[in-house]
Amino acid sequence: CHMTAMMRSSGINAEYGGSDIEESDLIYEGQKYIQMILVVVALVMVPIMFAAKPLIEAYGKSQDTAEYEALSYDSDDDEMVQRERHEAQARLDMWVHQAIHTIEFCLGVISNTASYLRLWALSLAHSELSTVLWDMTLYYGFSSLDWDKGGFVLLFLVWAFWAVLTVTILLCMEGLSAFLHALRLHWVEFQNKFYGGDGFKFLPFSFSLILENEENLEEISNI
């Protein structure tokens, strides 16, 4: 089955993942090593994502602090102590905030990747339904065909039954299911990497709203 071979070669199934992929299941040459390299790069990116931003911001604030101390010779000691405490608390908050974002991002990557497997499941279900409809209808009609006893009539009825099931189940139901799942993946798993929720509230065009705003402006100008 082509779907099983793709599942094995892509490492979806843990039983066939990593270096246990058979050569016959590979999609392209060198796939095994490229997958290992990508996994290593993904693991290395996690500590970089966690520590890079806090370290860069801490270095920039240390430079600003050094310039501030060089310019303020006559500053009070209490003021300097409070400033250092405030900076230490800010650094701690920064590390905690970055740790939370790193954990959320890693969990989101894993859950979103697993969620995209629903498309593979839909294609597998579609293939199995096609096989079932063929075996239960047309294959049965062809195998039991008897031209001497009017078998063409039975074949026509079986074909009609197969056509109705194909259109209603495979084309309509499966097509609608695949469309809805793909739409959900686009808006939930894909868009959550970019959507911020800020901006302006959408207001549809309305003449009554324009007239109402003009009346409010006239009342304000009269006052």
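The values are calculated or read from the model by the stated rules, or taken from the named source; none is laboratory data. This one's a predicted model, so the numbers in the text were calculated from it and none came from an experiment. Cβ atoms come from the backbone with ideal geometry, glycine included; neighbour counts cover every protein chain shown. Areas reflect the complete protein model, heavy atoms only, side chains present, ligands, DNA and RNA absent. Shrake-Rupley method; radii C 1.70, N 1.55, O 1.52, S 1.80 Å.
For LEU124, what charge total do you get from the other residues with a beta carbon under 12 Å from its beta carbon, if Lys and Arg give +1 and Asp and Glu give -1? Here the count lands on -1.
Rounded if a/c is under 1.5, else prolate if a/b beats b/c, else oblate: with a ≥ b ≥ c from the C-alpha gyration tensor eigenvalues square-rooted, which is region 114-217? List each step's numbers first, then the result.
Working: a/c = 12.50, a/b = 2.52, b/c = 4.96.
In terms of gyration-tensor shape, oblate.
Model label sites at VAL132 and LYS53, defined 7 Å from Cα along the beta-carbon direction, differ in position by 4.7 nm. Report the FRET efficiency, 1/(1 + (r/R0)^6), for LEU171 and PHE202, where r is their Cβ-Cβ distance and R0 is 45 Å, rounded to 0.05. For LEU171 and PHE202, the calculated efficiency is 0.80.
Within the shell of other residues whose beta carbon sits under 12 angstrom from the beta carbon of SER208, the net charge comes to -3, with Lys and Arg scored +1 and Asp and Glu -1. Computed from label points 7 Å out along Cα-Cβ, the spacing between LEU157 and VAL41 is 6.2 nm.
With a probe of 1.4 Å, find how much accessible area region 93-223 has per residue, and write the answer as a whole number in Å².
Details: 10340 Å² over 131 residues.
Dividing the accessible area of region 93-223 by its residue count gives 79 Å².
In this simple spin-label approximation, SER123 and PHE179 carry label points 7 Å from Cα along the Cα→Cβ vector, and these lie 2.1 nm apart.
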